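Participant: Let me begin by handing over the structure; questions about it come next.
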Amino acid sequence: MVHVMLVTGANGFVGRVLCSSLAERGFSVKGAVRSEKAQLSQGIEKAVVGDIDSKTDWSDALRGIDCVIHLAARVHVMQEESADPLAEFRKVNVAGTRKLAEAAVAAGVKRLVYVSSIKVNGEKTEGKPFTEADSPDPQDPYGISKREAEDALREISQRTGLEVVVVRPPLVYGPGVGGNYLRMLGLVKKGIPLPFASIDNRRSMIHVGNLADALILCAIHPDAGGETFLVSDDVPVSTSDLLKSLARAMGKKPALWRCPVSILALLGKIAGKSAEIDRLSGSLEVDSSHIRKKLGWKPPHPLEDGLIETVHWFHTVSR
């Protein structure tokens, strides 16, 4: 029976929601953070571990822990300054994860839930959604490091008996979201006309509350050990429909105009923004039926409700 959880990256976007959800369900929660300055919700015990790499001392943080949910990672860096990005990702995401798993085994932890990324599968889907059975095809240093971390965890699991559960989410949204999603909210709020009316793609996302719910189930369900799960909201959404839904939730008329995708791709290439245009125009669809069948998981937050909740939060922070 799992009673005491350690959440790494506890003060991050997903970590805050996950810690609160665990506490609400009666679990004892310890949150691993980099510095004493990190703010955690009331009732969450703080464990300061410093930077996560091959030298991190996890002994105090892991004392008395039944299960670890490992969120902390080096994520996408918009303005990458490292001469060797893959080496920087590997320090945290591979060596840091391996060190945590070995320390967890030494501390008697039974299970580790690893939050990976759909980028392990690849960057886009064509005609059919990604599944757990697909051969990994990561395309960037972040995705490569996440795949290598998964491989390291499986090796440790086979050697030691540590139960490892791998979860690969797509884009996570909800109150507190940052990055490109936050920028998109700002553009919609300003009513800036966007050239995406012609885009008819299929992109899976997951509400942060749905991801937290899935992670908790992976931590406690007896049949989750050794599994890899792709998780997502119930339905994928096109970029144009997403922008329309966000505009409606803001009480605005969608400001979209038609531009052929081929022209968008050309403009993106000229501006050095090909990756961003590919994400906006391409499909990335996830089949999450495995976790639904194996563990009986159902996302508690419908997409429309999640978008409205996100917009309400955005209004409060952007006034």
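All of the numbers you see were taken from the coordinates with simple rules; none came from a lab. Predicted model only: the values in this text are computed from it and were never measured. Please note: Cβ atoms are built from the backbone with ideal geometry, for glycine as well, and neighbour counts cover all protein chains shown.
Participant: Give the Debye-formula value of log10 I(q)/I(0) at each listed q (0.13, 0.15, 0.18, 0.21 Å⁻¹), with one equal scatterer per alpha carbon of the range 194-292, two decimals each.
Facilitator: Treating every Cα as an identical point scatterer, log10 I(q)/I(0) equals -0.61, -0.74, -0.90, -1.04.
Participant: Quick one: of the DSSP bridges fully inside the chain, what percent are antiparallel, nearest 5?
Facilitator: 5
Participant: State, as an integer percentage, the relative contact order of the chain based on alpha-carbon contacts under 8 Å between residues 6 or more apart.
Facilitator: That works out to 17 percent.
Participant: Restricting to the range 141-259, what percent of DSSP beta bridges are antiparallel, rounded to 5?
Facilitator: Here the antiparallel bridges make up roughly 10 percent for the range 141-259.
Participant: Turning to a different aspect of this structure: Test of understanding: ordering Tyr181, Tyr142, Tyr114 by Cβ neighbours within 10 Å, fewest first, what list do you get?
Facilitator: Final ranking by Cβ density, sparse to dense: Tyr181, Tyr142, Tyr114.
Participant: Using a Gaussian network model on the chain with a 10 Å cutoff between Cα atoms, which of Val113, Val177, Val94 fluctuates the most?
Facilitator: Maximum fluctuation in the GNM of the chain, among the listed residues, is at Val177.
Participant: Given the range 1-119, what whole percent of its Cα pairs are spread farther than 22 Å?
Facilitator: Pairs farther apart than 22 Å: 31 percent.
Participant: For the range 203-258, go through all pairs of different Cα atoms, get the mean of 1/r, take its inverse, and jot down that Kirkwood value in Å.
Facilitator: Over the range 203-258, the inverse of the mean reciprocal pair distance is 13.7 Å.
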